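Below: the structure, in structure tokens.
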Amino acid sequence: MAKGVQSLMVNMDTDFAVAIRQHIYAELQDFVGGPLRDLLAKAVKHKKDILTGVISSIMETCSDQSANSGGIADHRPLNKFNSRSSDLSSSMRSLGGGGGKKSKKGGADTGSMPDLRGRRRSVVPSSTQLYLARTMLESLVHEKSSSTGRRIYRKDLDEKHREKMVHFLRQSYFWPALLDLKQSLDESVNLSQLWFREFYLEMAMGNRIQFPIDMSMPWMLTDHILTTLDPSLLECVLHQLDLYNDAAAFALGHFRKQFLYDEVEAEVNLCFDQFVYKLSEAVFAHYKQRAATMLLDKGFKEDCARYGIAIFMPNSVRFETLLRQRHVQLLGRSIDLNRLISQRINAALLRSLDVAISKFEADGLNCIMVLDNLIEVNRLCHRLLSDHLGSLADFNDLLLEANRQVSAPNGRITLHAFAQLTDDVLVNFCFNTATRRFVRGKLNYRKPSRGRPPAVAAQYEFGSKSLNSSFSNLSMMYGGFVGVPHFRVVAKLVGYQGISAILFDLLGLAQRLLNDQIKAHFRSLLALMPKMCKLQRFEYGVEGNLQYFIHQLRDFSAYGPLRRECCQSLRELGNVLAVALLMELGMAQEEMFDVFAAAAFTNQIPKPYAKNLEDQAIKMHKLESKYSRLQIGKIVHQFGTETQAKIALDSAVLTSERLSCGLRIFDMVLIRLHDTLLADPIWRGPVPTNGVMWVDECHEFHRIWSAFQLALSLVHVQTHGLSHQTSAIGSASSSLSSMENVYGTLKKGGGPSAPIGANVTLDSGGASTAAQQQQQQGTTIEELFGDGIYWAGCAIVRLLGQHRRFEVLDFSYHLLRVNRAVGSAPNQQQQHGTTAGTKEGGSGNKAQQQQRNIARLIDRIRRVQAQHNQVFALLGNFCVHLEEQEQKIRHFAPPVYQPQQNPYANGHEGIAL
């Protein structure tokens, strides 16, 4: 800026010179003809010969004689005193001894000095004249003599005359600089003397560095401004670098030393690189803080302020002036500072995105909300910077490069999301149907492998430590689970291609689970099931039916892998289905925003309210004509080429219908699993002998699922009420003890347990020590495996079309119906045994405990039934078309009555069977 003003003033030097000369002439002549004239008259009057001689010398030196000669004829030229002994009276007469008084005759001014204030000439005194006048004036107004120390002439001067002389001396001091304006301007903007190192550089001759950069005056000033970010100094930060231009010009022009210029050039290269680096870091940190502050929740900031928690807010710093500099002159080079800063900002944004993805790769899927916040902050920061930096790359391109998805089909985010789903979420997390969230289970089946998070500066995250803490606290709300918000972010970040890849691999995993692990367990469990297991009569009560089921399923409950591998396989399959459902819900939210935003451009106009159809049609026609200019497809078809029109039409169709296409994710997963189940006849079982369905035989999957659910219910009751107590259920307690080993096996790492011992009570040591410890903790099967087990079993039952017969023939449901019909009261035989045992003492407590155990079991079955109904209802919404394909109407002939010889031989009245 200073150099620019200097160049403008130099260009106008000719105009300034005339005005300066006229001003100096007027000031000098006004001083000589005004204050000095009055002082001379006073000195003559008081006969101060020396003072009169000095003043006369000043006046004769500075007065314009040509102007005097061209004046009035009555005015005579000033006499010259050749010596101090000259006739003062004659000089006074020549000067108009009346001191400028009017004569009695003519009334004219009889003074010798003409009035020069009305006439201005472009004539200035020479340097000698100015020097003599200033020297003589200084001798008059000086405080003391340099030789004697006495005030010689100061006492003879009045205060008003002395002040005018001092004022004239101060003003005339700058006249030489004004007269040589060009040279003065060059010297005023020349800062080369601040870089004064000739002596030390002469010693080294440029062979080694004598001064580090920290001792450089320009860099010290520049670094101070960039460190403090003072708004009043930041816009002038480039002025310090202009010192190098002056130093280089002075080294070549004045000293004529090449090694001095080489030293200046070397220092400029280093300092300017540091300047661009520090300025870019400051700009990036400032705009990152602004973006993070703008995205930070306002309610959160208000709550923090209410509790006295200070959150760093960026100050107003004017970087815009520096970011507009595209032609910075430095050592004869024109530097585009905007482009250099843009390159470094691109690198900083790229590193910031890389850090965000690396932090996500070092953590689980529940931390994808942090990744979303980091990406959004960087996106807003890029948008704010793009208003001033024209060379910034597109943010999507930077994100693709950081995600390593420029040439690869799937990026780092997609790969890590899939890895966390398969290695952590599906294996170690428990799904909750009510909240639709995955939470980490109490036992980790498999430990995922992750890297270490990078340690970086705060500016590569959210801008400052306080902002990092603020966003960390906000993200903690989503850190304890994986739910719909996380899958919405996954859908937004990975896109359709990434979702397709994830679902394809998850579907392959589900098919492998069905064909390998679950099928193997199903085949083994099918062999351990009894050939026939009937639902007993209600007269037996809950206890009788329960004892029958436990006796029939004793081999089933002794299956070793049931306690670990089978439950884990079902959990993984159920979690796959839950992930597909949550992914669909997350995509639906993202797609609805896109569809709503594109509605005005795709002719998707909401119908307005109207009293009848005719008014509504009129209003719709007006709206269509109003928004017709926004229809991109029509405009491109009208003004574009055929290729462009085809692309626009395809894009409009995709935008309008992709919502309905995206919502079929879970449906397509169920269809693929349905095809996988139908490919193997083992899932449906052999053809029923009656040609309709299997009733009491155990050949279908729903029978295996019924036995499995009863086992889980018994384990739950065993964990929460039957430990350390004697059960009156008999052999049920032994089965409970063996089933309870599910928990102990999980903690020990698997392995078969001991077979069931008949009539072994819990207090007899049938349960292992690990199982007893687990009972004391009160951990349920849902806390270990979640609802994924129910999702897997219900999905298989539903896809096989066995859900209705499962609801009718399930063992647990039968116990619930028996309890609703006859209650949990024991039968007469058990009552008789209880009455007889009362005489011995303690049998009453056993009966009460028995009632409580049955109540717990019934309550557990009721909860499981509600869980099954919820899952079946949700699956039924997506399996409508499957039912339509499988519905086959069969016609059966009415039963024919066949009389028998002894119709009451079977104990029943005559019934046509």
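When the range 534-591 is examined, which residues are found to be without any contact (Cβ under 8 Å) to a residue 24 or more places away in the chain and either basic (Lys, Arg) or under 20 Å from Leu507 (Cα atoms) (or both)?
Arg537
Would you confirm whether or not the range 494-502 contains a residue that is closer than 30 Å to Arg664 by Cα, among the small types (Gly, Ala, Ser) and in contact (Cβ under 8 Å) with a residue 60 or more places away in the chain? Even if it seems obvious, please write down each step before you answer.
As a first pass, look at the range 494-502 and keep what is closer than 30 Å to Arg664 by Cα: 494-502.
Adding the requirement that they be among the small types (Gly, Ala, Ser) leaves 495, 498, 500-501.
When the remaining residues are screened for being in contact (Cβ under 8 Å) with a residue 60 or more places away in the chain, the result is 498, 501.
Within the range 494-502, one or more residues are closer than 30 Å to Arg664 by Cα, among the small types (Gly, Ala, Ser) and in contact (Cβ under 8 Å) with a residue 60 or more places away in the chain.
Can you tell me how many residues in the range 292-309 are touching a helix residue (DSSP H, G or I) at 6+ places or on another chain (Cβ under 7 Å) and assigned to a loop (DSSP other than H, G, I, E, B)?
Here the count works out to 2.
For the range 1-21, name all the residues that are closer than 30 Å to Thr321 by Cβ, part of a helix (DSSP H, G or I) and without any contact (Cβ under 8 Å) to a residue 60 or more places away in the chain.
Kept after step one, since they are closer than 30 Å to Thr321 by Cβ, are these residues of the range 1-21: 1-13, 16.
Narrowing further to those that are part of a helix (DSSP H, G or I): 2-11, 13, 16.
Of everything in the range 1-21, those that are closer than 30 Å to Thr321 by Cβ, part of a helix (DSSP H, G or I) and without any contact (Cβ under 8 Å) to a residue 60 or more places away in the chain turn out to be Gly4, Val5, Ser7, Leu8, Asn11.
Between Tyr287, Tyr261, which is without any contact (Cβ under 8 Å) to a residue 60 or more places away in the chain and hydroxyl-bearing (Ser, Thr, Tyr)?
Numbers: Tyr287 fails: without any contact (Cβ under 8 Å) to a residue 60 or more places away in the chain.
Sole residue among the options that is without any contact (Cβ under 8 Å) to a residue 60 or more places away in the chain and hydroxyl-bearing (Ser, Thr, Tyr): Tyr261.
Out of everything in the range 273-300 that is under 23 Å from Ala457 (Cα atoms) and among the basic types (Lys, Arg), what residue ends up being surrounded by the most Cβ atoms within 10 Å (Cβ to Cβ)?
Checking each candidate, the answer is Lys288.
May I ask you to list the residues in the range 8-32 that are surrounded by 12 or more Cβ atoms within 10 Å (Cβ to Cβ) and of a type in the set (A, V, I, L, M)? Please lay out each step first, then the result.
So the first thing to find is which residues in the range 8-32 are surrounded by 12 or more Cβ atoms within 10 Å (Cβ to Cβ), and the list is 9-10, 13, 16-17, 20-32.
Result: Met9, Val10, Ala17, Ile20, Ile24, Ala26, Leu28, Val32.
Here is a list of conditions, (1) part of a loop (DSSP other than H, G, I, E, B); (2) closer than 29 Å to Arg862 by Cα, and Pro681 meets all of them except one; can you say which number that is?
(2)
Quick check, is Leu573 surrounded by 17 or more Cβ atoms within 10 Å (Cβ to Cβ), touching a helix residue (DSSP H, G or I) at 6+ places or on another chain (Cβ under 7 Å) and not basic (Lys, Arg)?
For Leu573, the condition - surrounded by 17 or more Cβ atoms within 10 Å (Cβ to Cβ), touching a helix residue (DSSP H, G or I) at 6+ places or on another chain (Cβ under 7 Å) and not basic (Lys, Arg) - is met.
Show the residue pairs that are 6+ apart or on different chains and have beta-carbon atoms under 8 Å apart, the first residue being within the range 161-174 and in the same structural domain as Pro125 (by TED's automatic domain parsing), the second being in a helix (DSSP H, G or I) and surrounded by fewer than 13 Cβ atoms within 10 Å (Cβ to Cβ).
Leu169/Glu138
Please go through the range 813-842 and pick out each residue that is within 22 Å of Gln718 (Cβ to Cβ) and either at pLDDT below 80 or of a type in the set (Val, Ile, Thr) (or both). Walk me through it before giving the result.
If we filter the range 813-842 for residues that are within 22 Å of Gln718 (Cβ to Cβ), which is where we start, we get 813-816, 818-819, 824, 826, 830, 842.
If the condition is that a residue be within 22 Å of Gln718 (Cβ to Cβ) and either at pLDDT below 80 or of a type in the set (Val, Ile, Thr) (or both), then Val818, Ser824, Pro826, Gln830, Gly842 are the ones that fit.
How about the range 45-73: which of its residues are at pLDDT 80 or above and of a type in the set (S, T, N, Q)?
Thr52, Ser56, Ser57, Thr61, Ser63
Quick one: in the range 476-488, which of the residues that are among the aromatic types (Phe, Trp, Tyr) and assigned to a helix (DSSP H, G or I) is modelled with the lowest pLDDT?
Tyr478
Here are some residues: Arg324, Arg339, Arg318. Which one is touching a Pro at 6+ places or on another chain (Cβ under 9 Å) and not assigned by TED's automatic domain parsing to the domain that holds Tyr460?
Numbers: Arg324 fails: touching a Pro at 6+ places or on another chain (Cβ under 9 Å); Arg339 fails: touching a Pro at 6+ places or on another chain (Cβ under 9 Å).
That would be Arg318, the only listed residue that is touching a Pro at 6+ places or on another chain (Cβ under 9 Å) and not assigned by TED's automatic domain parsing to the domain that holds Tyr460.
Please state which of the following conditions Lys298 fails to meet, knowing it meets all the rest: (1) modelled with pLDDT under 90; (2) within 19 Å of the chain's Cα centre (by Cα); (3) under 23 Å from Ala348 (Cβ atoms).
Of the numbered conditions (1) modelled with pLDDT under 90; (2) within 19 Å of the chain's Cα centre (by Cα); (3) under 23 Å from Ala348 (Cβ atoms), the odd one out for Lys298 is (3).
Residues that are buried (at least 18 other Cβ atoms within 10 Å of the Cβ), small (Gly, Ala, Ser) and over 30 Å from Phe300 (Cβ atoms): does the range 468-479 have at least one?
No, the range 468-479 has no match at all.
Could you please find all residues in the range 313-331 being surrounded by 12 or more Cβ atoms within 10 Å (Cβ to Cβ), at pLDDT 90 or above and part of a loop (DSSP other than H, G, I, E, B)?
If the condition is that a residue be surrounded by 12 or more Cβ atoms within 10 Å (Cβ to Cβ), at pLDDT 90 or above and part of a loop (DSSP other than H, G, I, E, B), then Phe319, Gln325, Arg326, Leu331 are the ones that fit.
For Val355, indicate whether it is surrounded by 15 or more Cβ atoms within 10 Å (Cβ to Cβ) and not in a helix (DSSP H, G or I).
Working: surrounded by 15 or more Cβ atoms within 10 Å (Cβ to Cβ): yes; not in a helix (DSSP H, G or I): no.
Answer is no for this residue.
Sort out which residues of the range 589-623 are among the charged types (D, E, K, R) and either exposed (fewer than 12 other Cβ atoms within 10 Å of the Cβ) or in contact with a strand residue (DSSP E or B) (Cβ under 6 Å, 6 or more places away or on another chain) (or both), and write them in order of number. First the steps, then the outcome.
The first filter runs over the range 589-623 and keeps only residues among the charged types (D, E, K, R), leaving 590-591, 594, 607, 611, 614-615, 619, 622.
Those that are among the charged types (D, E, K, R) and either exposed (fewer than 12 other Cβ atoms within 10 Å of the Cβ) or in contact with a strand residue (DSSP E or B) (Cβ under 6 Å, 6 or more places away or on another chain) (or both): Lys607, Lys611, Glu614, Lys622.
Criterion first (surrounded by 15 or more Cβ atoms within 10 Å (Cβ to Cβ), over 50 Å from the mean Cα position of the chain (by Cα) and modelled with pLDDT of 85 or more) does Ile854 satisfy it?
Details: surrounded by 15 or more Cβ atoms within 10 Å (Cβ to Cβ): yes; over 50 Å from the mean Cα position of the chain (by Cα): yes; modelled with pLDDT of 85 or more: yes.
So Ile854 passes the test.
Sort out for me the helices (runs of 4 or more DSSP H) sitting completely within the range 362-475 that have 2 or more residues that are farther than 27 Å from Ala792 by Cα and not aliphatic (A, V, I, L, M). Spell out the reasoning first.
Details: elements: 368-386, 395-402, 412-420, 465-475.
Filter on the range 362-475 gives 368-386, 395-402, 465-475.
Where in the range 778-822 are there helices (runs of 4 or more DSSP H), lying wholly inside it, with at least 2 residues that are more than 19 Å from Ala510 (Cβ to Cβ)?
Values: elements: 781-785, 788-799, 803-809, 811-822.
Answer list for the range 778-822: 781-785, 803-809, 811-822.
Just name the residue that is surrounded by the fewest Cβ atoms within 10 Å (Cβ to Cβ) out of those in the range 524-558 that are within 60 Å of the chain's Cα centre (by Cα) and over 13 Å from Phe811 (Cβ atoms).
Across the range 524-558, the extreme among qualifying residues is Ala527.
The values are calculated or read from the model by the stated rules, or taken from the named source; none is laboratory data. A quick note: this is a predicted structure, and the numbers were derived from the prediction, not measured. Counting neighbours? That spans all protein chains shown, and the Cβs are built from the backbone with ideal geometry, glycine included.
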